[in-house]
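Below is one structure, written out as structure tokens; comments come after it.
The values are calculated or read from the model by the stated rules, or taken from the named source; none is laboratory data. In this text the structure is predicted, and so the values were computed from the model without any measurement. FYI the Cβ positions are ideal-geometry reconstructions off the backbone, even for glycines, and counts take in every protein chain you see. Quick note on the areas: whole protein, heavy atoms, side chains included, nothing else; ligands and nucleic acids left out. Shrake-Rupley method; radii C 1.70, N 1.55, O 1.52, S 1.80 Å.
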Amino acid sequence: MYLQNAVKHFKTITKHRHLVMWHCFKAGIPLQGLVHDLSKYSPTEFLVGVKYYQGNRSPNVAERMKKGYSSAWLHHKGRNKHHYEYWFDNSRASDRLVPIDMPTKYIIEMFCDRVAACKVYRKENYNDRSSIDYYNQHDYLVEMGPKTKEVLELLINMLAKEGERKTFRYIRHMDKRD
């Protein structure tokens, strides 16, 4: 069982990574695509992925359900700038953690990541509304920097209404220099 899960998990994360890479190339951020999610192959993340592998959702969800947290996710989000959770810092005004805006190139990578994850986990049930549906079910209330939330919502809504081709054309022309 362990070896089967290892092979299946490896295939899943590699398929996801290749889809993100392809989307990043289409979005005009090829270098980010090449290094996307390399930490998933580290022992800290990979071994947890094997242990909690299910095939239809992230193993981090299963680990979180069993332990109350996901050690793999804590490792992953702290090393990958395309996750909004990476972008929290202490506010001097409120003396608490607050979201800060992500640079545009990481918002775009986050968009590519979300689309690829929906394709991998929803398989034949994927459509251009999958990312906005997931967001509306899971993420619409999460704290993100205002620009981060605005740009992400723009892109996932555009994908749902206009499709991939028009959305990636729009993304290629976005200013990514912040």
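The table that follows gives values for the structure above.
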read-out	value
Search result, residues across region 118-132 that are open to solvent by 30 Å² or more (accessible area, probe 1.4 Å) and either farther than 22 Å from T12 by Cα or in contact (Cβ under 8 Å) with a residue 24 or more places away in the chain (or both)	K119, Y121, D128, R129
I108, sole failed condition from (1) among the aliphatic types (A, V, I, L, M); (2) open to solvent by 40 Å² or more (accessible area, probe 1.4 Å); (3) modelled with pLDDT of 95 or more; (4) out of contact with any Phe, Trp or Tyr (no Cβ under 9 Å at 6 or more places or on another chain)	(2)
Region 163-178 residues that are at positive phi and modelled with pLDDT of 95 or more, paired with ones that are open to solvent by 40 Å² or more (accessible area, probe 1.4 Å) and charged (D, E, K, R) (beta carbon under 8 Å, 6 or more apart)	G163/D128
Cβ pairs under 8 Å, 6+ apart, first in region 75-93 and touching a residue at least 12 places away in the same chain (Cβ under 8 Å), second loosely packed, with under 12 Cβ neighbours inside 10 Å and assigned to a helix (DSSP H, G or I)	none
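Each row is one residue, and each column tells you yes or no for (1) of a type in the set (D, E, K, R); (2) under 16 Å from the mean Cα position of the chain (by Cα).
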{"site": "Y2", "(1), (2)": "no, no"}
{"site": "K11", "(1), (2)": "yes, no"}
{"site": "M21", "(1), (2)": "no, yes"}
{"site": "C24", "(1), (2)": "no, yes"}
{"site": "L34", "(1), (2)": "no, yes"}
{"site": "L38", "(1), (2)": "no, yes"}
{"site": "T44", "(1), (2)": "no, no"}
{"site": "K51", "(1), (2)": "yes, no"}
{"site": "G55", "(1), (2)": "no, no"}
